[in-house]
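Enquirer: Below you will find the structure I want to go over with you.
Every read-out reported here was derived from the displayed coordinates using simple, explicitly stated rules and does not represent laboratory data. For clarity, every value in this text was computed on a predicted model and none was experimentally measured. In this analysis, Cβ positions are derived from the backbone assuming ideal geometry, glycine residues included, and neighbour counts consider all displayed protein chains.
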Amino acid sequence: MLTYKNHSEKISLIKEGKLSLSENITFFLSRIEENKHLNAFNFVFEECVENAKSIEEKIKAGTAGKLAGMVIAIKDVLALENKPLTCSSNILRDFKSVYTATAVQKLIDEDAIIIGKANCDEFAMGSSNENSAFGKVLNPIDNSRVPGGSSGGSAVAVAANLCDVALGTDTGGSIRQPASFCGIIGLKPTYGRVSRFGLTAFASSFDSIGPFANSVDDVALVLEVIAGEDKKDSTCEKVNVPEYSKSFNEEKKFRIGIPKEYFAEGLNSEVRKAIEEKIELLKQQGHTFTEISLPHTEYSIATYYILTTAEASSNLARYDGAHYGFRSTKPANLEELYSSSRTQGFGSEVKRRIMLGTYVLSAGYYDAYYRKAQKVRRLLKNDFDAAFKQVDLILTPTAPSVAFKIGEKTNDPLAMYLEDIYTTSANLVGVPGISLPVGFNSEGMPIGMQLMADQFQEEKLLQFSKQIS
Ligand code: GLN
């Protein structure tokens, strides 16, 4: 088993000769093999063990990068040159990437080791990882339950000890919700904090890349590496990236807002209880709590599903059977090439989103849906701006329930969409959010708590998370 609790301990063990990096990678590869039934990986790169020797030497010589020897899984929507990039879709099943995503390249430049591509919902659309052309992913704590989604494979890879850290993506909760369902930490950075270059677009004005880990230290370290401006993504901003661990020893008392709309009907009673107990504890530690209001919260799910489907319908137009990936055989003409390739290549949830998105953008409905949703997005942003004038952080549940059973919500898309009730707002307004484990329900399933901070204030999120975990 693993004998370290974060990356700096791992490095010390390697330096002292108590841990061999090759053995460590072989250990993870054997864990992946033993846990094949979880279906966390679409592809495993066994050849990564070959990197171990040179990185281990660099560590011992003191010339290694910040993430030397950290074994990382990446969600299969992130590009890595010459490796498959499937987005868990049949339409890209045989597609290989011709370049590497900036975030992934930054990991490699700091001597991290990429162990494989993690399973996910097709094109990151889903909350349960049941929408994958590579099959569903199982929750490692209870195999009859979902791991959450869409970055389910990444969350499971970390929770089941198949790697040190994983990268996921979050458009409406896809890092935070699976982190909560699997009992680990997951961070969605500010929109524009991490370059999206090489991330297959779902909803470009919402998508963000972030880490899953078992410790706040590792989340902070990975964010530090992947964050920062990138000429290849014009939405990625030039904002200073702090060395997060520097503030970890300061004892700071935080002002925390509890939005009353997030504790209304529909919240599972055991989840509510766990969060309320945590709040009590935090009060005793000297943090101050204020009830706040985010009055447009009730519109967030509708706004999210109008805007993200609109963006997705446009982004996914490029999969036409001609440019990328799957092409249906013997179409009678060009139009049939497009329609049959898309009909056969996309799964049903992706098709549902493309149809919804095309509808809300169509002439006659554009004003009623798309334009209106854009205006509501601004109102939501105003809510958050007002809240952050009063408080440092906003605390909420991550999801309304613990991990649900496989198949429980597959025939009810609306129930599935409601899973995202607490997480979509952060993406609508572009602020960072983290999910931290806060306990278990009576069935032993993990419960997650979400913290949000104002844009580019990840330092506050991480400092507070470090203090309380
Ligand atoms: N569950 C949400 C959706 O299906 C979020 C997905 C995501 O964050 N990628 O759209």
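Enquirer: Please return the ranges of helices (runs of 4 or more DSSP H) entirely within the range 411-469 where 1 or more residues are surrounded by fewer than 18 Cβ atoms within 10 Å (Cβ to Cβ) and without any contact (Cβ under 8 Å) to a residue 40 or more places away in the chain.
Expert: 413-418
Enquirer: Can you tell me which residues in the range 15-49 are more than 30 Å from residue 130 (Cα to Cα), in contact with a helix residue (DSSP H, G or I) (Cβ under 9 Å, 6 or more places away or on another chain) and surrounded by fewer than 18 Cβ atoms within 10 Å (Cβ to Cβ)?
Expert: Residues satisfying the conditions are 15, 17, 18, 20, 22, 23.
Enquirer: Here is a follow-up. Could you count how many residues in the range 117-138 are closer than 25 Å to residue 439 by Cα and away from the ligand (no atom under 16 Å from the Cβ)?
Expert: Of the residues in the range 117-138, 1 are closer than 25 Å to residue 439 by Cα and away from the ligand (no atom under 16 Å from the Cβ).
Enquirer: Further question on the same structure: Taking the residues in the range 1-14 that are of a type in the set (Val, Ile, Thr) and closer than 15 Å to residue 67 by Cα as candidates, determine which candidate is surrounded by the most Cβ atoms within 10 Å (Cβ to Cβ).
Expert: Checked the range 1-14; the qualifying residue surrounded by the most Cβ atoms within 10 Å (Cβ to Cβ) is 14.
Enquirer: When only residues in the range 54-91 that are touching a strand residue (DSSP E or B) at 6+ places or on another chain (Cβ under 7 Å) and of a type in the set (Gly, Ala, Ser) count, which is nearest to residue 175 (Cα to Cα)?
Expert: 73
Enquirer: If you don't mind, there's one more thing I want to ask. For the range 98-188, list the strands (runs of 3 or more DSSP E) that sit wholly inside it and hold at least 1 residues that are among the polar types (S, T, N, Q) and touching a residue at least 24 places away in the same chain (Cβ under 8 Å); which are they?
Expert: 165-170
Enquirer: Then there's this: Kindly indicate the residue of the range 287-312 that is surrounded by fewer than 19 Cβ atoms within 10 Å (Cβ to Cβ) and among the small types (Gly, Ala, Ser) and also farthest from the ligand (Cβ to nearest atom) among those meeting that condition.
Expert: Selected residue: 293.
Enquirer: Does residue 403 qualify as being within 16 Å of the ligand (Cβ to nearest atom) and closer than 19 Å to residue 305 by Cβ?
Expert: So residue 403 fails the test.
Enquirer: A follow-up question, please. In the list 300, 293, which residue meets the criterion of being closer than 30 Å to residue 448 by Cβ and touching a Pro at 6+ places or on another chain (Cβ under 7 Å)?
Expert: 293
Enquirer: Here's a follow-up. Can you spot a residue in the range 264-277 that is among the hydrophobic types (A, V, I, L, M, F, W, C), buried (at least 22 other Cβ atoms within 10 Å of the Cβ), within 16 Å of the ligand (Cβ to nearest atom) and not in a loop (DSSP other than H, G, I, E, B)?
Expert: no
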